[in-house]
Amino acid sequence: MQQVQKKDWVNILFLTFTPVIGIAGTAAYSWTHGVRLWMPLLTIGMYLAVGMSICAGYHRFFSHKSYEAAWPVQLFYAIFGALAAQNSILWWSSSHRVHHKYVDRDWDPYNIKRGFWWAHILWIFYRNDERDDTFENARDLQQNKIVMWQHRWHKVILIVVGFGLPTLIGAMFGSPLAGLLWGGFLRIAIIHHTTFFVNSLAHYIGKPLFNAEVSARDNWMVALLTLGEGYHSFHHRFPADFRNGIRWYQWDPAKWWIRALVWMGLAKHLVSTPEPQIEQARMSAAIRMIETRIAAAPATAGDEVRRKLAAAITNLETAFALWRQQMEEKAQGMSRSWRETRRRSRKLVRQSRREWKSAVRLAMRIPAAA
């Protein structure tokens, strides 16, 4: 018999009343007292500091080790990340690593196959008695003094800084209650549900551009709401990459923040996926979506699709070899040589893209198998 999960009433009450106070309370106060410019600016400022600490900190730095950060940056993430009211770095990162390891399966804490609302918020309403409280999958984080300090004090930080700081700022403008509502409760409600959209909406709506085998989707709308975390298909395929949006124009403030840290000397060793490997993932995901059409294709059409795909694969294999070569040349200080080699590699990647996209278009004209 399946064991019935016990409800976590602390989480239920907190996640129920914070949006009520944050939205209804802020609206009621604003209706009676008016809105001054500093109030929404306080919400935006707190949202950016806390949101970046979750996206670039909890997620990309602590959970996935996408780059190395200096201790002042880690301390910033620890303090403002606690203000998100999403538990400690250690707890959050451990749960997130479990999600990646068991995505869409029973051990996935926010398994989208249990429904949109389960993945969005309901999973937090129940106690998980089977969770590993030793945090075995986060031994590296247990060696980090800032992480362990925050693990012990994150609730105190949330109360003292998360509610005290906006109240103090509000008092400076003559209205501590407005500061508490706009910078405290409203900000928490926004942070919670935008973050939760990564677990729900980004596994529900969008395109599996890089991995058609799991539910993760690239969703630009979620990216807009979460400082860049919406390119989720890419992230689940390449979780160690410091970027989510790999194109320069894709909205991913977290990657720009990380690059700025590098420029200031506060971060280094950014992990980024080679272009040929990214293209290979895109091609594989596209082929997965049309493989039944290819299998049912008439001989002539099927042979043409397979020919184009073979050409794309050959180009990518050569691009991989050139990419490794340019890395070696760069390490040896051969500036002109490695740049030329990289240019050739990128040219082959573009040729491969044209071939496999042409194959996909041709396959899509083939009637789907009954």
| P(r) of the range 61-209 in 10 Å steps, Cα pairs, percent per bin? | 10, 33, 35, 18, 4, 0
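Just in the range 263-369: which trypsin sites (Lys or Arg not before Pro) are loop by DSSP and have at most 14 other Cβ atoms within 10 Å? Walk me through the intermediate numbers first.
Working: sites: K268, R282, R288, R293, R306, R307, K308, R324, K330, R336, R339, R342, R343, R344, R346, K347, R350, R353, R354, K357, R361, R365; in loops: R365.
Listed in order of number, the matching sites are R365.
Can you give the translational diffusion coefficient of the range 83-141 in µm²/s, computed by Stokes-Einstein from the Kirkwood radius over Cα pairs at 25 °C and 0.890 mPa s?
203
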| Relative contact order computed over the range 9-268 (Cα-Cα under 8 Å; 6+ residues apart), in percent | 24
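In deg cm²/dmol, rounded to 500, what helix-only [θ] at 222 nm does the chain give when every DSSP H run of at least 4 residues adds -39500 (n - 2.57) and the total is split over its residues?
On the way: 17 runs with 214 residues, N = 370.
That comes out to -18000 deg cm²/dmol.
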| note | Sorted by chain and then number, the residues having a modelled amide H within less than 5 Å of the amide H of K207, at least 5 places away or on another chain, are D218
| note | Sequence order, the range 21-30: Karplus ³J(HN,Hα) from phi using 6.51 cos²θ - 1.76 cosθ + 1.60, θ = phi - 60°, Hz rounded, Gly and Pro as x, gives 5, x, 8, 5, x, 5, 5, 5, 5, 5
| query | Put +1 on the Cβ of each Lys and Arg and -1 on the Cβ of each Asp and Glu in the chain; which of G51, M334, L141 then has its Cα farthest toward the positive end of the dipole? | reply | M334
| message | Report the Cα centroid-to-centroid distance between the range 286-360 and the range 69-95 in angstrom, as an integer. | response | 40
| remark: Exposed-loop cut sites defined as GluC sites (Glu not before Pro) in DSSP loop states with at most 13 other Cβ within 10 angstrom; longest site-free run of the chain spans 214-370
| said: Just to be sure I understand the curve: with the Debye formula and one point per C-alpha of the range 169-293, what is log10 I(q)/I(0) at q = 0.19 Å⁻¹? | reply: -1.03
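Rounded, prolate or oblate for the range 6-95? Axes are the square roots of the Cα gyration tensor eigenvalues, ordered a ≥ b ≥ c, and the cut-off for rounded is a/c under 1.5.
Note, shape of the range 6-95 comes out oblate.
Please say if the range 305-353 is rounded, prolate or oblate, where rounded means a/c under 1.5 for a ≥ b ≥ c the square roots of the C-alpha gyration tensor eigenvalues, and otherwise the choice is prolate for a/b larger than b/c and oblate otherwise?
Working: a/c = 5.57, a/b = 2.86, b/c = 1.94.
Cα axes put the range 305-353 in the prolate bin.
Rg over Rh of the chain, using C-alpha atoms and the Kirkwood radius, what does it come to? All intermediate terms of the calculation are to be shown ahead of the outcome.
Values: Rg = 23.7 Å, Rh = 22.9 Å.
When Rh is taken as the Kirkwood radius, the ratio is 1.03.
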| said: Net charge around S66, counting only other residues with Cβ within less than 11 Å of its Cβ (Lys, Arg = +1; Asp, Glu = -1)? | reply: +2
| said: Give me the Å³ per residue figure for the convex hull around the C-alpha atoms of the range 275-364. | reply: 64
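State which stretch of the chain is the longest one without any exposed chymotrypsin sites (Phe, Trp or Tyr not before Pro), exposure meaning a DSSP loop state and at most 10 other Cβ atoms within 10 Å. Walk me through the numbers before you get to the answer.
Numbers: sites that count: W248, Y249.
Answer from the scan: 1-247.
No lab work stands behind these numbers, since they all come straight from the coordinates. Quick caveat, the model's predicted, so the values are computed rather than measured. Every residue, glycine as well, gets a Cβ built from its backbone with ideal geometry; the counts of neighbours run over all protein chains shown.
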